[in-house]
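Read-outs: derived from the displayed coordinates by stated rules, not from any lab. A quick note: this is a predicted structure, and the numbers were derived from the prediction, not measured. Here Cβ is always computed from backbone atoms with ideal geometry, including for glycine, and neighbour counts include all displayed protein chains.
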Amino acid sequence: MPLVHFFETSFGRTTTRRIVLVRADAEGLTGWGEVTCGENPFYSYETPETAWHILRDFLIPWALERPWLTPSDLASRFRPVRGHPMAKAALENALWDIEAQAKGISVATLLGGTLDEIPCGVSIGIQERVEDLLEKIARETEAGYQRIKVKIKPGWDIEVLERVRSRFPSIKLMADANSAYTLADLPRLKLLDHFGLMMVEQPLGWDDMVDHACLQKDLSTPICLDESIHSAEDARKAISLGACRIVNVKLGRVGGYTSAREVHNVCRQAGVPVWCGGMLESGIGRAHNIALSSLPGFTLPGDVSASRRYWEEDIIQPEVAVTPCGVIPVPRSPGLGYTPDLPRIEKATVRKERFQ
Ligand code: OSB
Ligand code: MG
């Protein structure tokens, strides 16, 4: 699926998404999940090909074995596979969709979600020119989005943030470095404290907590961890080390709803706010993100935004839309609350495999 606009981070530019969807049929009901990995092993090691392999050769055969009673039981059964959280999440989440439909409730309700609407922010990638970024921030702010996240990397950071702040002195602003710095950049990173940022996301190593704890001691801007958090245990360790004051929860990165809810619970207990990140999802993954964001600890605006920011034509009906106040209402109809558009999905499909 081609993106409406390229999306660039410190690890590269994405123009077209290759998305693996999981469709599960059980007892006359159909559930959907999305593998949220990137096309290349840059954000994490997973790719559509590794996910296909892990799903086909391990997770799907295990899911077809009985008995299992709940989606969370299946998550436990997946535990012997080390890593590959995005492959696991796609299948587990499809089963939450089915379970919710079977009970006649929404996925949000099944999960224990309490929020009726979720506050939305946007993530704006690295642009060719600072003027393009300022233009985009103006547009998204006017559309009602409650906070702006900009991507930074060495060479696109302090000067860019200075321009953004001088044009938009009072917007809620944050920066995401996707691991583009090391502690050797400490003097430069300390300059981030001048911009009144809500937080800086994952400035250091993608698998690091120790250096982030070191950095947080010298930084008044809160650090938010993304890449480093894969489980509730990771969240507990990061919080106890002082490696972050905020956590970005992504369903794919933590391996599905069961784990995402545990991460949420650990953070909530510790008084650490969480928000839901994004992975340039199609409508299927986006709908799951909305359900997750209804949990009570999701108090900060996340990266879940309108379908039209990504796609000419999304693969769900209705498309995800954001109100002028910058919120998405949480659907309470059975399942995801958005209907997969089968002809659209069929049209975009290049490979299919079926298991019985
Ligand atoms: O680090 O949050 C990130 C997109 C792809 C990979 C990693 C990240 C992102 C985003 C975009 O920031 C979030 C979105 O708009 O879906
Ligand atoms: Mg991030």
Q) What net charge do the residues around residue 220 carry, taking every other residue with its C-beta under 13 Å from that of residue 220, with Lys and Arg at +1 and Asp and Glu at -1? A) +1
(Q) As I understand it, the dipole of the chain uses +1 on the Cβ of Lys and Arg and -1 on the Cβ of Asp and Glu, about the Cα centre. Which of 266, 175, 345 lies farthest toward its positive end? (A) 266
Q) Which residues does a label at residue 30 reach in the range 304-319, if reach means a backbone N under 14 Å from a point 7 Å past the Cα toward the Cβ? A) 315-317
Q.
How tilted is helix 283-292 with respect to the longest principal axis of the chain? Cα atoms for both, answer in degrees (0 to 90, nearest 10).
A. 80 degrees
Q) By how many degrees, 0 to 90 and rounded to 10, does the Cα axis of helix 130-143 deviate from the longest principal axis of the chain? A) 60 degrees
Q.
Using only Cα atoms and rounding to the nearest 10 degrees, what angle (0 to 90) does helix 232-241 make with the longest principal axis of the chain?
A. 20 degrees
Q: Could you check which residue among 170, 123, 179 shows the biggest mean-square fluctuation in a GNM of the chain with a 10 Å Cα cutoff?
A: 170
(Q) Over 32 Å between Cα atoms: which of 153/347; 153/217; 103/237; 103/149; 172/347 fall into that group? (A) 153/347; 103/237; 103/149; 172/347
Q: Could you calculate the contour length gain from residue 53 to residue 186, that is, 0.36 nm times the residue separation minus the distance between their Cα atoms, to one decimal place in nm?
A: 43.8 nm
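If each residue of separation counts as 0.36 nm, what is the full-extension length gain between residue 76 and residue 139 once their alpha-carbon separation is subtracted?
18.3 nm
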